[in-house]
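The values are calculated or read from the model by the stated rules, or taken from the named source; none is laboratory data. Here the structure is a predicted model, which is why all the values come from computation and not from measurement. Cβ placement follows ideal geometry from the backbone for every residue including glycine, while neighbour counts extend to all protein chains displayed. Note: accessible area is taken over every heavy atom of the protein model, side chains too, but ligands, DNA and RNA are not part of it. Shrake-Rupley method; radii C 1.70, N 1.55, O 1.52, S 1.80 Å.
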Amino acid sequence: MTRSPIATHSRQEASMEEKHAKYQRLIEYCKTLPPLPVAVAHPCDRSSLEGAVEAAKAGLIAPVLVGPLERIKAVAAENGIDIAPYPLVDAPYSQASAAAAVACVMEGRAEALMKGSLHTDELMSAVVKRDTGLRTARRISHCFVMDVPDHETALIITDAAINIAPTLEEKVDILQNAIDLGHALKLPEVRVAILSAMETVNPKVPSTIEAAALCKMVDRHQVTGALVDGPLALDNAIDSEAARIKQIQSPVAGRANVLMVPDLEAGNMLAKSLSFLAGADAAGIVLGARVPIILTSRADSVATRLASCAVASMVAQARRESARILG
C-alpha cells in the first residue's frame, strides 16, 4: 500500500521533523500529479489571487480565474502578480462569479472549485442550487485537515464550517464524507472518533446517543470504510494513555485520525484552539458535491493554501480512480 503523505509512523519521527512537515510531504506528493483544473471564484483581493497563482506555480492546480476582469487585473497589477498564463472568465459581481465558476465545472473546464474573496455562503448557494448546481445525493460537509505540531499524523476534523446542528441522518453523510477523505489521502487505516463530552452513553446528552447510533450503523454496513467508535471524549480519542487510564478497550481510542464533532460550534472551537494554542495549520475542503471545493481564509498561511489545494487534488485523483474502476 502506498504510504500516506500526511502520516508519520511514530512520535519520535514526528518530533524530528520540521514544523508542518506533514503538509510539506502532502504538497510534494501532489506535485507528482497532473495540475488540477480549478475554477477560482471571485479572486478579487491579494490573498485569494496570490494563493491561486502560488498553487499554480507549485504545479498543484491549473486555475481558471472567474470574476470581474478589470478588477482582477487591477489587483494583479497593484500587487505584482502575473496572471497572463491563466484563462479568465468575466463575471460582473460575486454571486455571478460563483455561478460562472460552477458553470465551468458543469462544462468540464474544471474538476474543483476554489473560494476567492466572496463570502462562503455566496459560493455554496451556487453549489447547492437545485437545477444548475453541483449537488449529489450526499449531504455536503466540510473537513479540516489539520497539521498539529508534535502529533504523529494529520487530524481530519468534521464538520466545523457548513452544518450548524446536523441531525443523525445528516451525520451519516458527514461521517462517510470524512471516511472517504481519509482514503483519498491514503491513510493506511481510517479511525474515526465520534466526539462528545464523555465516553459513556448518557440519555441526557444527545450527542452520546447519536454517537452510539452511528456506531451501530457502521456495524450494519450503513457506513463503511473505517473503524468507528463513540462516544469518546477528546482526550481518550487521541491520547492512548488517557484511554488506558479510563480502561477503554477500542481500536480507535487513543489512535483516532478523524475527529467527528457533535456540531459546528464544537468543531469550530476545536479547530481554532488547535490553530491558536497549539500552532496548527488547517487546510479546508468541502465534500459531498460533484467536485471538491477548496475553502481558504484571508488569514491562511501560504503552506495552508497550498495544502488545501493538495487535498483537493488527492480527492479528485481518488474520484478519477473510482470512476475508472466502476466504468
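Answer yes or no as to whether THR200 is surrounded by fewer than 24 Cβ atoms within 10 Å (Cβ to Cβ), closer than 17 Å to LEU232 by Cβ, among the hydroxyl-bearing types (Ser, Thr, Tyr) and touching a strand residue (DSSP E or B) at 6+ places or on another chain (Cβ under 9 Å). In short, yes.
In the set (1) in a strand (DSSP E or B); (2) modelled with pLDDT under 95, SER275 fails one condition alone, (1).
Counting only residues that are in a loop (DSSP other than H, G, I, E, B) and under 16 Å from VAL286 (Cβ atoms), region 96-114 holds 2 of them. If you check ILE194 against the conditions, is it touching a Cys at 6+ places or on another chain (Cβ under 9 Å) and at pLDDT 95 or above? Yes, satisfied.
Pairs meeting the criteria (first residue in region 39-56 and within 16 Å of PRO68 (Cα to Cα) and part of a helix (DSSP H, G or I), second residue of a type in the set (Ser, Thr, Tyr) and open to solvent by 30 Å² or more (accessible area, probe 1.4 Å), beta carbons under 7 Å, at least 6 apart or on different chains) are SER48/SER117. Listed conditions (1) modelled with pLDDT under 95; (2) assigned to a strand (DSSP E or B) are all met by HIS142, apart from (1). The residues of region 185-197 that are open to solvent by 40 Å² or more (accessible area, probe 1.4 Å) and over 21 Å from LEU287 (Cβ atoms) amount to a single one, ALA197.
Residues in region 53-108 that are open to solvent by less than 30 Å² (accessible area, probe 1.4 Å) and not aliphatic (A, V, I, L, M): GLY59, PRO63, GLY67, PRO68, SER94, SER97, CYS104.
Among residues that are under 19 Å from GLY284 (Cβ atoms), assigned to a loop (DSSP other than H, G, I, E, B), touching a residue at least 40 places away in the same chain (Cβ under 8 Å) and open to solvent by 20 Å² or more (accessible area, probe 1.4 Å), SER117 is included. Filtered by the rule that a residue be of a type in the set (A, V, I, L, M) and either open to solvent by less than 20 Å² (accessible area, probe 1.4 Å) or outside any loop (DSSP other than H, G, I, E, B) (or both), region 203-227 gives ILE209, ALA211, ALA212, ALA213, LEU214, MET217, VAL218, VAL223, LEU227.
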